[in-house]
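What follows is calculated from the coordinates using simple rules that are stated; it is not laboratory data. From a predicted model like this one, the values you see are computed outputs, not experimental measurements. Don't worry about glycine lacking a Cβ; one is built from the backbone with ideal geometry, like all the others, and counts go over all protein chains shown.
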């Protein structure tokens, strides 16, 4: 079946521009995560949705980062006034599990590679 | 200091070798320990997970957790060129949604 898809796969933005990154989770998955993966590093948690509710946004690095999932399926990560340090791969993951106990297997998309020039 | 430390490598081995990948961590609250594989330009995929201490085997892969030492390992037997990828360890608390990843180890298996 279809996995997690993300678009665009590559995005080049000039410093100061706003960008929007889209995530289509696996159908029926209630949980959705965004991660930021800098070059040579592991993914770092940004935010978590259960259906349309954003339950944890503790990893968002600044108020320039905003995420939404208005209908509990597709999610968008928006970055305003991009800076060079925002250059990274942004990964989306979804999971059929809710609640917080258990291994909470997450299925990752291929990511969007953002380059800020 | 990061909560999860992982040697970035690269680790280069001949085909058929046994590979040992490791992570250390500092947060004793972690209870779930995962290993993800990430191919170039792809997202991570879950290989296996272990709850608390102990061993788990799945085909050519064995995961070990030693909570007393805060040390986890992934062993790959009879390594193949198709195993060449970045291997990420990840951990989470008993009750919590957030995965904490290591930096990943680059593995190259030469044919």
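Descriptive notes on the structure:
- Equivalent-ellipsoid semi-axes for region B:10-72 (Cα gyration tensor, √(5λ), whole Å, largest first): 22, 15, 12.
- Packing-based exposure ordering (other Cβ within 10 Å, fewest first) of A:117, A:47: A:117, A:47
- Overall form of chain B per C-alpha gyration tensor (a/c, 1.5; a/b vs b/c): prolate
- Point-to-point label distance, residue A:76-residue A:10, nm (Cα→Cβ direction, 7 Å offset): 2.4 nm
- Cβ-to-Cβ counts within 10 Å put A:24, B:58, A:18 in ascending order as B:58, A:18, A:24, the fewest first.
- All Cα pairs of region A:29-76, percent lying beyond 12 Å: 60 percent
- Working value for chain A: equivalent-ellipsoid semi-axes of 23, 14, 13 Å, each the square root of 5 times a Cα gyration tensor eigenvalue, largest first.
- Rounded, prolate or oblate (a/c below 1.5 giving rounded, otherwise prolate when a/b exceeds b/c) for the protein assembly as shown by Cα gyration tensor: prolate
- For chain A: relative contact order, % (alpha-carbon pairs under 8 angstrom, 6 or more apart): 36 percent
- Residues B:74, A:55, A:32, sorted so that the one with the fewest Cβ neighbours within 10 Å comes first: A:55, B:74, A:32
- Our note on the geometry: Cα centres of region A:30-103 and region B:3-56, 22 Å apart.
- Summary value for chain B: 37 percent relative contact order, contacts being C-alpha pairs under 8 angstrom separated by 6+ residues.
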